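A.B. asks: Could you have a look at this structure, given as structure tokens, before my questions?
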Amino acid sequence: MSLFRKRDLLKIESVAIDWMKENGYFLLRVSLGIVFFWFGILKFFPGVSPAQELAIETIRMMTFGLVPDGLIINGLALWEVLIGIGLITGKFMRETLILLFLQMAGTFMPVFLFPDEIFVRFPYALSLEGQYIIKNIIIISAGIVLGGKLRKSETKTTSAGQ
């Protein structure tokens, strides 16, 4: 006789699914916030962020060299920290997600501006920098999931106020 019967396994699965439904959104929002906050803080310390040089090169090219490197990296650091704080606290989620999606669009620019740094063998073998960029597809998807809940929470607030 097996240790667990099918009915017992289905009960455990049901409890796990209920827990995930109850906690998944919060955990996604906060964990994504921690990543943004952490990566942003690193950029305030020269040479600590592995993405620092590529970020500076990209933004320098996009701004035609008109913005000093210090302002570029500190501005990006602040931008990411603000996204992190917004996600962790759950405050100003619309604005936070706008910042997130704009930042994500910027992270893909090196693919077009510096393909030799992004690919070891075009178009399939990514460099470490390329892998760092491509993983942002997951962050974009997480942002979409978080954004999908905005209108629902707005409707609940509006309905409660009537």
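The values are calculated or read from the model by the stated rules, or taken from the named source; none is laboratory data. Everything quoted here is computed from the prediction, not taken from an experiment. Reconstructed Cβ throughout: ideal geometry from the backbone, glycine too, with neighbour counts over all protein chains shown.
A.B. asks: Out of (1) touching a residue at least 40 places away in the same chain (Cβ under 8 Å); (2) farther than 21 Å from Leu99 by Cβ; (3) assigned to a helix (DSSP H, G or I), what's the single condition that is false for Glu53?
C.D. replies: (1)
A.B. asks: Still on this structure, I have one more. Restricting to region 56-72, give me the number of residues that are without any contact (Cβ under 8 Å) to a residue 40 or more places away in the chain and loosely packed, with under 15 Cβ neighbours inside 10 Å.
C.D. replies: Applying the first criterion (without any contact (Cβ under 8 Å) to a residue 40 or more places away in the chain) to region 56-72 yields 56, 60, 63-72.
Among the residues that remain, those that are also loosely packed, with under 15 Cβ neighbours inside 10 Å are: 63-68, 70-71.
Number satisfying all stated conditions: 8.
A.B. asks: What single numbered condition from (1) out of contact with any Gly (no Cβ under 6 Å at 6 or more places or on another chain); (2) buried (at least 16 other Cβ atoms within 10 Å of the Cβ) fails to hold for Val81?
C.D. replies: Every condition holds for Val81 apart from (1).
A.B. asks: Determine if region 100-107 includes at least one residue that is small (Gly, Ala, Ser), outside any helix (DSSP H, G or I) and closer than 23 Å to Gly33 by Cα.
C.D. replies: No, because not a single residue in region 100-107 is small (Gly, Ala, Ser), outside any helix (DSSP H, G or I) and closer than 23 Å to Gly33 by Cα.
A.B. asks: Then there's this: Among the residues of region 40-50, which ones are surrounded by fewer than 19 Cβ atoms within 10 Å (Cβ to Cβ), assigned to a helix (DSSP H, G or I) and in contact (Cβ under 8 Å) with a residue 40 or more places away in the chain?
C.D. replies: Of the residues in region 40-50, the ones surrounded by fewer than 19 Cβ atoms within 10 Å (Cβ to Cβ) are 41-42, 44-48, 50.
Now drop any that are not assigned to a helix (DSSP H, G or I), which leaves 41-42.
Result: Ile41, single match.
A.B. asks: Can you tell me which residue in region 14-39 is surrounded by the most Cβ atoms within 10 Å (Cβ to Cβ), limited to those that are among the charged types (D, E, K, R) and under 19 Å from Ala142 (Cα atoms)?
C.D. replies: First, pick out the residues of region 14-39 that are among the charged types (D, E, K, R): 18, 21-22, 29.
The next check asks that each one be under 19 Å from Ala142 (Cα atoms); those that pass are 21-22, 29.
Working: Lys21: 9, Glu22: 9, Arg29: 22.
Across region 14-39, the extreme among qualifying residues is Arg29.
A.B. asks: Checking the conditions here, which among Leu66, Leu78 is part of a loop (DSSP other than H, G, I, E, B) and not aromatic (Phe, Trp, Tyr)? Walk me through it before giving the result.
C.D. replies: Numbers: Leu78 fails: part of a loop (DSSP other than H, G, I, E, B).
Exactly one residue qualifies, and that residue is Leu66.
A.B. asks: Being part of a helix (DSSP H, G or I) and in contact (Cβ under 8 Å) with a residue 40 or more places away in the chain is the filter; apply it to region 108-127 and report the residue that is surrounded by the fewest Cβ atoms within 10 Å (Cβ to Cβ).
C.D. replies: Only one residue fits best here, namely Leu113.
A.B. asks: Going by the conditions given, is Gly75 modelled with pLDDT of 95 or more and crowded, with 20+ Cβ neighbours inside 10 Å?
C.D. replies: Answer is no for this residue.
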